[in-house]
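Report on one structure; see the data block that follows.
The values are calculated or read from the model by the stated rules, or taken from the named source; none is laboratory data. Every value quoted in this text rests on a predicted model; they were computed, and no experiment measured them. Cβ coordinates were reconstructed from backbone atoms using ideal geometry, including for glycine residues, and neighbour counts include every protein chain displayed. Calculation scope for accessible area: heavy atoms of the full protein, side chains included, ligands and nucleic acids excluded. Shrake-Rupley method; radii C 1.70, N 1.55, O 1.52, S 1.80 Å.
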Amino acid sequence: KTMCWHQLPDMPPINHQTGYNCVRQMVVWEGQAYLFDGSKRLWRLDCERETWHVIHTAFHGTWPYPKHRLSQFCSAVVDGTLYIFSGDDDVTRLGCNILMALPLPAPGTTPRDRPVWEHLGGTSANVPCVRTPNLRTLATMWAVPAQRKLYILGGNANRAAAHQKNLPGGNAED
């Protein structure tokens, strides 16, 4: 039945950050909605069956989100790869300019091997950037699949949050 509201199954037990559960973007690809929370788990909602599934992923090296949390990021899918950019990792509070990529398993399948994240660039360190975007939260990302392109727009360094925690970058003079 269309044009009627009904409740979906409860969300899975994702990493919670007080007040930030509504600032996690989901993207839809091939009838599946994907929810990233900063951990190596990726949550998938089968939009037809309305059931949640977890995808356990892998990463070679040190995971770039120290507390395994991320909110206020943006995401998009191109050619079956999920991209995550920027966000608040609950450490620097200014944001980050980390760009991550994860090949998504075919919808409705359980991957034999864990999909592996790739760190394409960026950091949470408060260092000047000349050729890449600076640290930020709440950026916007969208994909143009026919052109195989991602676009990123806006966002801001969360100086107020950094200032409240007396962290570098929290003052306008930094």
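Summary of computed values
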| read-out | value |
| --- | --- |
| Matching residues in the stretch 43-70 - criterion: being polar (S, T, N, Q) and closer than 23 Å to residue 95 by Cβ | 57, 62 |
| Scope the stretch 138-166; condition assigned to a helix (DSSP H, G or I) and open to solvent by less than 40 Å² (accessible area, probe 1.4 Å); matching residues | 161, 162 |
| Subset tally (residues that are touching a residue at least 40 places away in the same chain (Cβ under 8 Å), exposed (fewer than 15 other Cβ atoms within 10 Å of the Cβ) and among the β-branched types (Val, Ile, Thr)) for the stretch 29-78 | 2 |
| Meets criteria (part of a loop (DSSP other than H, G, I, E, B), on the phi > 0 side of the Ramachandran plot and not β-branched (Val, Ile, Thr)) for residue 171 | no |
| Tally of residues being touching a Ser or Thr at 6+ places or on another chain (Cβ under 9 Å) and over 23 Å from residue 42 (Cβ atoms) across the stretch 133-164 | 9 |
| The stretch 43-99, subset at positive phi and among the acidic types (Asp, Glu), residue nearest to the chain's Cα centre (by Cα) | 90 |
| Contacts under 6 angstrom Cβ, first residue in the stretch 139-150 being more than 15 Å from residue 74 (Cβ to Cβ), partner in a strand (DSSP E or B) and open to solvent by 90 Å² or more (accessible area, probe 1.4 Å), 6 or more apart | none |
| In the stretch 93-116, the residues that are in contact with a helix residue (DSSP H, G or I) (Cβ under 7 Å, 6 or more places away or on another chain) and either open to solvent by 20 Å² or more (accessible area, probe 1.4 Å) or closer than 15 Å to residue 141 by Cα (or both) | 93 |
| Matching residues, the stretch 79-114, being among the hydroxyl-bearing types (Ser, Thr, Tyr) and farther than 17 Å from residue 54 by Cβ | 81, 83, 86, 92 |
| Flag for residue 103 being closer than 27 Å to residue 44 by Cα, at pLDDT 90 or above and touching a Ser or Thr at 6+ places or on another chain (Cβ under 6 Å) | yes |
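Yes/no per residue for (1) outside any strand (DSSP E or B); (2) polar (S, T, N, Q); (3) touching a Cys at 6+ places or on another chain (Cβ under 7 Å):
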position	(1), (2), (3)
77	no, no, no
84	no, no, no
90	yes, no, no
93	yes, no, no
101	no, no, no
106	yes, no, no
109	yes, yes, no
114	yes, no, no
